[in-house]
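Let me begin by presenting the structure, written as structure tokens, before commenting on it.
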Amino acid sequence: TMAAPGTDYETKIYCCSNTTKAESKILASFDIFCSVLFLLYSTWFCELLKNRPEEFKNTTIYDNSTLRDFHFLLDLEDQQQNFFVAGLLVWCGWNVALGGTLLFAAEKEKQGLLKVWFGITLLEVLFGVFLVVLALWNMKRRVLISTTTIMVYLYKWYELWIVMGLIRDLHSGSTVFAKGIDDGPNPAFVIESPTPEHDPVYTIEGQGGTGSGPGGGGSTPKCSDALEKT
């Protein structure tokens with residue numbers, strides 16, 4: 001944390017922004033970008049596998065040590081290959097949808113939708129860890145544990161932490177976001193006072209008298225000499 005320039009307030013500084021909302025939106029946009037790229041790559045990969053197996057073998061297996069263990073795909077029956085292709089493309093599209101969900105939920109501050117995204121993503125990450133362990137157990141080269149794999153999982157855990165922070169901020173009501181200026185070099189702060197446990201009670205003090213009108217022997221009642229909060 002650090003104090004914002006010209007204020008006594010402290011704000012957290014994240015990798016790309018200074019609020020959990022702005023950080024979540026940046027991460028969601030990055031998720032969408034990467035998922036679309038991976039969807040395009042997977043489409044090309046599956047097209048080679050189904051329609052040009054020899055080119056698939058030369059391009060993706062023999063010349064790339066990271067993918068040599070995927071030679072088993074060429075040995076699968078057509079129905080099994082179709083199942084693999086469909087599953088891969090659905091998974092890519094699913095990740096695009098998840099990124100869009102996070103972007104929308106963060107922008108609109110939808111706490112319930114953020115919780116749904118968090119739960120689904122956590123299950124997906126844990127299932128991915130299980131698949132990596134299973135692959136390590138069965139593959140000869142054991143190449144899936146690489147720098148890229150580790151970086152992906154570190155990124156996903158960071159993203160989960162940021163979204164959890166955003167959910168906590170929205171739940172507590174301690175953070176009020178100023179649209180358009182919540183991620184600048186001099187971030188704006190809007191301080192929200194705690195909600196009182198009881199509604200304030202206002203009383204009106206005034207002077208009264210008996211009688212009214214000319215010669216009534218008294219003064220006309222006056223309204224509100226002072227307004228005070230009790």
### Message
Restricting to region 114-123, name every residue that is in contact (Cβ under 8 Å) with a residue 12 or more places away in the chain, more than 14 Å from ILE167 (Cα to Cα) and surrounded by fewer than 18 Cβ atoms within 10 Å (Cβ to Cβ).
### Response
ILE120, LEU122
## Note on the structure
Note on region 10-42: residues part of a helix (DSSP H, G or I) and either of a type in the set (A, V, I, L, M) or loosely packed, with under 14 Cβ neighbours inside 10 Å (or both) are ALA22, ILE26, LEU27, ALA28, ILE32, PHE33, VAL36, LEU37, LEU39, LEU40, TYR41
### Query
Mind checking whether some residue in region 56-63 is outside any helix (DSSP H, G or I), among the aromatic types (Phe, Trp, Tyr) and either at negative phi or at pLDDT 70 or above (or both)?
yes
## Note on the structure
Of the residues in region 97-113, those that are surrounded by fewer than 18 Cβ atoms within 10 Å (Cβ to Cβ) and not acidic (Asp, Glu) come to ALA97, GLY100, PHE104, LYS108, LYS110, GLN111, GLY112, LEU113
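One line per residue, one yes/no per condition, for (1) modelled with pLDDT of 80 or more; (2) of a type in the set (A, V, I, L, M):
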{"site": "SER24", "(1), (2)": "yes, no"}
{"site": "LYS50", "(1), (2)": "no, no"}
{"site": "LEU67", "(1), (2)": "no, yes"}
{"site": "PHE70", "(1), (2)": "no, no"}
{"site": "PHE83", "(1), (2)": "yes, no"}
{"site": "THR101", "(1), (2)": "yes, no"}
{"site": "GLU109", "(1), (2)": "yes, no"}
### Summary
When restricted to VAL152, VAL90, VAL125, VAL163, the only residue at pLDDT 75 or above, in contact with a Lys or Arg (Cβ under 8 Å, 6 or more places away or on another chain) and aliphatic (A, V, I, L, M) is VAL125
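The values are calculated or read from the model by the stated rules, or taken from the named source; none is laboratory data. Worth saying up front: this structure is predicted, and the values here are computed from it rather than measured. Cβ atoms come from the backbone with ideal geometry, glycine included; neighbour counts cover every protein chain shown.
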